[in-house]
Amino acid sequence: MSVAAGGGGGSPCLGAAAASCSSAGGSSYAAAASGGAGVAGRLPARVLEHIFSYLELSDLMRCSLVCWHWNNILADENSEVWRSLSSRTLSDEALRSDILCNLPTYRGKLKAFQHALSSHDCSRNVYVKKNGFTLHRNPIAQSTDGARGKIGFTEGRHAWEIWWEGPLGTVAVIGIATKRAAMQCQGYVALLGSDDQSWGWNLVDNNLLHNGEVSGNFPQCNNAPKYQIGERIRVILDMDDKTLAFERGFEFLGIAFRGLPKVCLFPAVSAVYGNTEVTMVYLGKPLDG
C-alpha cells in the first residue's frame, strides 16, 4: 500500500450520484452487491464516461468504489476518462516524448506522475522540470543534492525506472530513503547510503552504500559494465520480502539489499554534477520472470 496524503474534496455531483447508486438497496453495501442498483447504476456507460471525464483523480478513485457498474467503466485504463484527465494533468512533453514509453495506458501514466520525484522534498539546489518527471541539479559547487519520490511504501512490490540525462560526475547514487534521510550535504559524497536512513547504488564506482559504509560491489560479476548515460535502470522494491534489487536492459542484476526495515521507504536519487538531469518514472508492480 502506498503512503500518501489524501486528495482534494470530491465533486458535488459525486455525492448525489453515489447516494443514488446505493439508495435502492438501503445501503452502499447492498448497492455494490447488486452491481449498482438505482438510477446512477443504470446510466449508460457512454453517459457515465462523459461525466467522469470532467472529474479529477481523487473523485474517480471514489467513483470506482461506488458500485460494480462504475468500477467496470473505470477499469478501462485507456478510456476517454483517463485520456481526458491525462491531457489536463500531464505536460505535453511528458505525453509526446519517450519519458512514459514503457507505460501503455493513460491511467498508468497518471499513476507515474503521482509517484514522481517531489519538487517539495528535495535539496534547494535542484528542481523538477515542467515535464513533471525530470530533476535538474543547479551548478552549485561543493554540494551533493538529492530528492525523494512523492509517495513512499510500507508494503507490496514496486518498480520504477531511473536514468541520467547528463554527466554523472564523481558520485551518482540511486536507491531508497526514509523521510528522515538528508537530501543535501556539503562536499561531493554519496549522499544516499551515508547514514542508516538510506540505501544506494553508486553508478560511478558500482558500489553499494548504507550507513556510511561500502557494503560490496554491484553487480557481483567480473568487469561489471559502467553505467552509460541514458541507460534506464529498473529499481525493484519488495516491502514484503524486505529487499531492494536492480535490473538493467531487462537483465536482472540481483538483490542489492536485504533485511530492509518495516518503515515507509521512498524512491530517491542524489547527484553532484552541475546541470545534470535525472528522470524517474514509477511503473507499478514489477512483472515476474
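The values are calculated or read from the model by the stated rules, or taken from the named source; none is laboratory data. Source: prediction; values computed, not measured. Cβ sites come from the backbone with ideal geometry, for glycine too, and all protein chains shown count toward neighbours. SASA here: full protein model, heavy atoms, side chains in, ligands and nucleic acids out. Shrake-Rupley method; radii C 1.70, N 1.55, O 1.52, S 1.80 Å.
Tabulated results
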item: Rg and Dmax [Cα atoms of the range 72-185; Å; Rg one decimal, Dmax integer]; result: 15.8, 54
item: Binned Cα-Cα distance frequencies in the range 68-121 - 10 Å width, integer %; result: 23, 51, 21, 5
item: Ordering of 108-116, 266-274, 208-216 by packing [mean C-beta count within 10 Å, highest first]; result: 266-274, 108-116, 208-216
item: Length added when fully stretched, ARG42-LYS130, from 0.36 nm per residue minus Cα-Cα; result: 27.6 nm
item: Space enclosed by the convex hull of the alpha-carbon atoms of the range 41-89, per residue, Å³; result: 60 Å³
item: Cα-projected label distance for ARG258 with SER87, points at 7 Å along beta-carbon direction, nm; result: 5.1 nm
item: Taking the C-alpha atoms of the range 117-284, convex hull volume expressed per residue in Å³; result: 101 Å³
item: Selected from MET239, MET183, MET61 as most flexible by GNM, with the chain as the system and alpha-carbon contacts under 10 Å; result: MET61
item: Highest average packing first - 166-175, 49-58, Cβ atoms within 10 Å; result: 166-175, 49-58
item: Accessible surface of the chain, 1.4 Å probe, proportion on carbon and sulfur as whole %; result: 52 percent
item: Which label in [x] -0.35, -0.63, -1.12; [y] -0.31, -0.59, -0.98; [z] -0.25, -0.51, -1.04 gives the computed log10 I(q)/I(0) by the Debye sum over Cα atoms at q = 0.07, 0.10, 0.14 Å⁻¹; result: [y]
item: Among ALA271, ILE99, CYS67 the positive-end extreme of the charge dipole of the chain (Cβ point charges); result: CYS67
item: Å² of accessible area per residue within the chain, as computed with a 1.4 Å probe and no ligands counted; result: 47 Å²
item: Extension gain from THR243 to TYR54, taking 0.36 nm per residue of separation minus the Cα-Cα distance; result: 64.0 nm
item: Under 21 Å between alpha carbons - lysine pairs in the chain that sit 8 or more apart or on different chains; result: 20
item: Mean separation of Cα contacts under 8 Å, 6 or more apart, over the residue count of the chain: relative contact order %; result: 20 percent
item: Taking the range 41-89 and dividing mean pair separation by its residue count, relative contact order in percent (alpha carbons under 8 Å, at least six apart); result: 45 percent
item: Packing-based ranking, highest mean first, of 68-76, 193-201, 88-96 given that Cβ atoms within 10 Å are counted; result: 193-201, 68-76, 88-96
item: In nm, spacing of pseudo-spin labels at SER64 and ASN217 (7 Å Cα→C-beta vector); result: 4.4 nm
